[in-house]
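Have a look at the structure below before the remarks.
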Amino acid sequence: NAGVMQNPRHLVRRRGQEARLRCSPMKGHSHVYWYRQLPEEGLKFMVYLQKENIIDESGMPKERFSAEFPKEGPSILRIQQVVRGDSAAYFCASSPQDIRGYDTQYFGPGTRLTVL
Amino acid sequence: GENVEQHPSTLSVQEGDSAVIKCTYSDSASNYFPWYKQELGKGPQLIIDIRSNVGEKKDQRIAVTLNKTAKHFSLHITETQPEDSAVYFCAATLTGNQFYFGTGTSLTVIP
């Protein structure tokens, strides 16, 4: 059973460009979370999605950031018109949310975004 | 929302000694408390978790204790080994919601 997959692992963008980060959850998991980690800091929640639904986007900046989790395919975190402050590691986690209510989150290896 | 504080921020121990990392949380409704280990350049890896209906849980050299009244929980690593060196994060959540993470503890095990 493959773990959470993220790509690309490293992404370099110039200011003003768009960044697209992809996350494929573990098999059987239908819940995806995105977190951002700045150097030497903890993980900050951005958005929580289920298939075709955004459940909680309270941690995501209102402008330039968007996320989706389509019926088919990976979850996408999109950052438009990137700025230097967007440089960080972005982690995706997936959760089974099974009938027992277990919500353990399993993390992917992350995408390290560098904005030049 | 929930606020999680974690101490210490850095910890150095001799190989074979024990390491203890403590976290406090603010929301008494939180009912799930996982611990993650993050090695350099990698994603957080779940190492142990505890739910609010349990006071203590152990898995080989790792144990977690939870005091709901005081709203704090701790990670205990016994017989530490160099490969235990990493950054450890605690988290708290109410089932079905986002995780609130502590700021991390950088553990160094000195051979």
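The values are calculated or read from the model by the stated rules, or taken from the named source; none is laboratory data. Keep in mind it's a predicted model, so treat the numbers as computed, not measured. All Cβ positions, even for glycine, are placed from backbone atoms using ideal geometry, and neighbour counts span all protein chains on display. We work out accessible area using only protein heavy atoms, side chains counted, and drop any ligands, DNA or RNA first. Shrake-Rupley method; radii C 1.70, N 1.55, O 1.52, S 1.80 Å.
Checked against the criterion of being open to solvent by 20 Å² or more (accessible area, probe 1.4 Å), more than 30 Å from residue B:111 (Cβ to Cβ), over 10 Å from the mean Cα position of the chain (by Cα) and not small (Gly, Ala, Ser), the range B:72-88 contains one or more residues that satisfy it.
Using the structure shown, decide if residue B:63 is closer than 21 Å to residue B:79 by Cβ, in contact with a His (Cβ under 6 Å, 6 or more places away or on another chain) and small (Gly, Ala, Ser). Yes. Total residues in the range B:89-106 satisfying the condition of being open to solvent by 60 Å² or more (accessible area, probe 1.4 Å) and at the interface with another protein chain (Cβ under 9 Å from one of its Cβ atoms): the figure is 3.
Working only within the range B:10-25, note down all residues that are open to solvent by 20 Å² or more (accessible area, probe 1.4 Å) and either modelled with pLDDT under 95 or in a strand (DSSP E or B) (or both).
B:10, B:11, B:12, B:14, B:20, B:22, B:24
Go through the residues of the range A:2-22 one by one and say whether even a single one is surrounded by 18 or more Cβ atoms within 10 Å (Cβ to Cβ), within 11 Å of another protein chain (Cβ to nearest Cβ) and within 30 Å of residue B:51 (Cβ to Cβ). Among the residues of the range A:2-22, at least one is surrounded by 18 or more Cβ atoms within 10 Å (Cβ to Cβ), within 11 Å of another protein chain (Cβ to nearest Cβ) and within 30 Å of residue B:51 (Cβ to Cβ), which makes the answer yes.
The condition (being over 12 Å from the mean Cα position of the chain (by Cα), open to solvent by 30 Å² or more (accessible area, probe 1.4 Å), among the charged types (D, E, K, R) and more than 16 Å from residue B:42 (Cβ to Cβ)) is satisfied by just one residue among A:51, A:44: A:51.
Among the conditions (1) polar (S, T, N, Q); (2) without any contact (Cβ under 8 Å) to a residue 40 or more places away in the chain; (3) open to solvent by 60 Å² or more (accessible area, probe 1.4 Å); (4) more than 30 Å from residue A:49 (Cα to Cα), residue B:45 misses just one, which is (4).
Only residues that are on the phi > 0 side of the Ramachandran plot, touching a strand residue (DSSP E or B) at 6+ places or on another chain (Cβ under 6 Å) and at pLDDT below 90: list them for the range A:72-115, please. A:97, the sole residue that qualifies.
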